[in-house]
Structure formats: structure tokens, C-alpha cells
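Colleague: To start, I am sharing the structure in question, which I have written as C-alpha cells.
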Amino acid sequence: MLNPAWIDELAEAFWSTVGPGPRPRLEDAISLAAPLFVVRLPRLRPESVNDWLAQHGVAPRLTAEGGRLHGCLLVSRDLGVIFIDGSDPPDEQQFTLAHELAHYLVDYHRPRERARKLLGPAIQPVLDGDRPPTDDERLLAALRDVPLSSYVDLFDYDDLATIRHESDADRLALELLAPSALALPLAAATATLPLVERLTALSSILAERFTLPPAIARHYARRLLAHLHLDSPLPAWLAAAEAG
């Protein structure tokens with residue numbers, strides 16, 4: 001398998017919630033399947049997010065200092081907003097949208113669903129921060145490795161945790177936009193090309209077929225081809241691919 005099973009399951013669960021038939025644009029799918037709103041702001045920065053929140057009667061949520069952002073997810077009580085830099089190219093905006101949706105699914109929705117399944121609806125006030133968990137709830141959640149804390153901004157994690165969360169979000173974002181079930185056959189179809197040409201060709205195919213940013217498409221192409229070459233010495237193969 002290209003991905004851990006839980007990534008494929010989350011992507012499939014999201015699209016199954018959208019409904020049968022041809023898949024709509026991701027933004028339209030979000031409006032159908034997730035309690036998230038998409039807001040585009042020019043040259044997205046923490047202060048512009050805080051200004052938007054203030055205009056809508058919400059206290060600032062982000063530290064004012066900080067550089068330009070491509071995207072930002074704010075979520076509370078099962079409702080959220082995905083902020084997108086509206087001045088980014090369309091392919092960048094789409095991948096940012098998928099990346100922030102992935103954070104919602106992985107870091108917010110999935111843990112809360114596990115907690116509700118384990119402890120029932122009575123745990124909702126704990127998840128919303130309205131009361132602390134009881135000792136029994138805390139013990140049972142710890143035994144089952146189910147977090148009960150409210151959503152934590154990824155900027156608060158240490159570097160290693162942030163890298164892991166960002167990597168998971170990127171993988172799920174790619175599975176949402178360019179499912180491996182469709183992408184792997186495209187990679188296999190380039191088998192007659194020399195290695196470097198194969199990587200370049202597949203990158204272009206993925207970028208065009210799934211509207212991926214060029215750098216993301218090349219990264220995904222590298223992963224797909226490496227997966228198909230598991231019988232080859234992987235370090236040597238990757239070195240050759242990187243040379244291209």
C-alpha cells in the first residue's frame with residue numbers, strides 16, 4: 001500500500017459522505033460533507049485572520065506576529081473556517097484547501113469521533129472545553145489512547161510533532177485530490193521511459209490531471225515511482241530520480 005490504511009480510510013469516508021456519482025470540486029464537496037466554511041483573503045497573514053474574526057464578532061485567535069500564510073484552519077465546537085490566500089495560483093489554493101481539510105479530518109474530527117464512540121454523547125462538553133473529564137473518563141481514554149483535549153493549534157507543537165502532523169496532512173491531501181488508485185496506474189503507464197524522463201513525464205501528468213502544483217506533483221511522482229520500484233535498491237533509485 002502506498003499509504004497507511006487510516007489515510008485511505010479517511011479519504012474514502014470523506015468522499016462517501018459527499019455521495020455517489022462523479023466527484024465534485026473539493027470546495028463544493030466540503031460544503032456538502034464537512035461543517036467548514038472557506039474564506040479567501042488576499043496575502044493571508046495572522047493579522048488579516050484576526051481582523052476577519054473581529055469583523056465577525058470573534059476574539060483574535062492567532063499570534064499577531066508572523067509571516068504570510070498559504071492557509072489556516074480554525075475550528076471549535078464542530079464548526080470551522082478554512083482561510084486561504086486568495087492571491088495564490090489556483091492549483092496552490094486547491095492543495096492548501098485539501099491540506100487544511102486533512103488537518104480537520106486528522107487532528108479534529110477523527111479524535112472527537114473516537115472519543116464519542118468510546119464514551120458516548122456525555123463526553124461532548126469535555127471535547128468542547130465546557131468541563132474537565134472525570135477520573136473515569138480520563139482513565140478509559142488513556143487506556144484506549146483517545147485524546148480528550150480540545151483542538152490544539154499546530155504552531156504549539158514541537159518541531160518533530162509539527163513535521164509529523166504536516167506530513168500526515170500532505171499525504172491525506174494528496175489522497176483526497178489524486179487517489180492512489182488512479183495515480184498508481186498512471187505511474188505504471190510510464191514504465192517504458194528512462195527513469196529521469198519517467199519522473200518528469202509523470203509529474204506533468206499528475207499536475208495536469210489533478211491540478212496539483214508542480215512541486216507537489218513532482219514529490220508525489222517520486223513517491224509513486226519509488227513504490228513501484230520496491231524491488232530495486234531504494235537509495236540508489238531515489239538518488240537517480242533526484243538527479244532529474
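Colleague: Could you list the trypsin sites (Lys or Arg not before Pro) in region 15-49 that lie in coil according to DSSP, counting only those with at most 16 other Cβ atoms within 10 Å of their Cβ?
Modeller: Those satisfying the criteria are Arg25, Arg43.
Colleague: Let me ask you something else. So if each residue of separation counts as 0.36 nm, and I subtract the Cα-Cα distance between Leu228 and Arg77, what length gain in nm does that give?
Modeller: Roughly 50.1 nm would be gained on extension.
Colleague: While we're on this one: Given the options Ala34, Ala11, Ala191, state which has the largest fluctuation in a GNM of the chain using a 10 Å cut-off (strictly under) for Cα springs.
Modeller: Maximum among the listed residues: Ala191.
Colleague: Something else about it: Can you give the relative contact order of region 1-105 as a percent, counting alpha carbon pairs under 8 Å and 6+ residues apart?
Modeller: So the answer I get is 25 percent.
Colleague: Identify, among Ala189, Leu79, Ala33, the residue whose Cα sits farthest towards the positive end of the charge dipole of the chain, taking +1 on the Cβ of Lys and Arg and -1 on the Cβ of Asp and Glu, with the dipole about the Cα centre.
Modeller: Farthest towards the positive end: Ala189.
Colleague: Oh, and also: Going by average Cβ density within 10 Å per residue, which order do the peptides 180-186, 205-211, 140-146 take, highest to lowest?
Modeller: 205-211, 180-186, 140-146
Colleague: Within 10 Å of each candidate Cβ there may be at most 14 other Cβ atoms; applying that plus a DSSP loop requirement, which GluC sites (Glu not before Pro) in region 64-109 survive?
Modeller: In loop regions of region 64-109 (DSSP not H, G, I, E or B), the sparsely surrounded GluC sites (Glu not before Pro) are Glu65.
Colleague: Leu195 to Gln124: FRET efficiency via 1/(1 + (r/R0)^6), r the Cβ-Cβ distance, R0 45 Å, to the nearest 0.05?
Modeller: Taking R0 as 45 Å, the efficiency between Leu195 and Gln124 is 0.25.
Colleague: Once the Cβ-Cβ distance between Leu182 and Asp135 is put in as r, and R0 is 51 Å, what FRET efficiency do you end up with, to the nearest 0.05?
Modeller: It comes to 0.60.
Colleague: Among Ser16, Gly57, Met1, whose Cα lies farthest out toward the positive end of the dipole of region 1-69, if unit charges sit on the beta carbon of Lys, Arg (+1) and Asp, Glu (-1)?
Modeller: Farthest towards the positive end: Gly57.
Colleague: Moving on to the next point. So if I place +1 on the C-beta of Lys and Arg and -1 on the C-beta of Asp and Glu, and nothing else carries charge, what would the dipole magnitude of region 1-51 be about its Cα centre? I want it in debye, nearest 20.
Modeller: 240
Colleague: Label 7 Å along Cα→Cβ of His56; region 80-102 residues with amide nitrogen under 11 Å?
Modeller: Residues 80-84 qualify, since their backbone N sits under 11 Å from the label point.
Colleague: Quick one: what are the phi-derived ³J(HN,Hα) couplings along region 18-23, Karplus 6.51/-1.76/1.60 with θ = phi - 60°, whole Hz, x for glycine and proline?
Modeller: 5, x, x, x, x, 6
Colleague: Also: If I take every Cα pair under 8 Å that is 6 or more residues apart in the chain, average their sequence separation and divide by the length, what percent do I get for the relative contact order?
Modeller: Relative contact order here is 16 percent.
Colleague: What is the helix-to-structure angle for 234-243, meaning the angle in degrees between its Cα long axis and the longest Cα principal axis of the chain, kept from 0 to 90 and rounded to the nearest 10?
Modeller: In the chain, helix 234-243 runs at an angle near 80 degrees to the longest axis.
Colleague: To continue, here is another question. Assuming 0.36 nm per residue, please report the length gained on full extension of the stretch His219 to Phe37 beyond their Cα-Cα distance.
Modeller: 62.7 nm
Colleague: Okay, moving on. I'd like the distance between the alpha-carbon centres of region 173-225 and region 73-114, rounded to an integer number of Å.
Modeller: One Cα centre to the other: 24 Å.
Colleague: Let me ask something else. Quick one: work out Rg over Rh on the C-alpha atoms of the chain, Rh as Kirkwood radius.
Modeller: 1.00
Rule-based calculations on the coordinates, nothing more; no lab input. Computed from a predicted model, the values in this text were never measured in an experiment. Here the Cβ is made from the backbone with ideal geometry for all residues, glycine too, and neighbour counts use every protein chain on show.
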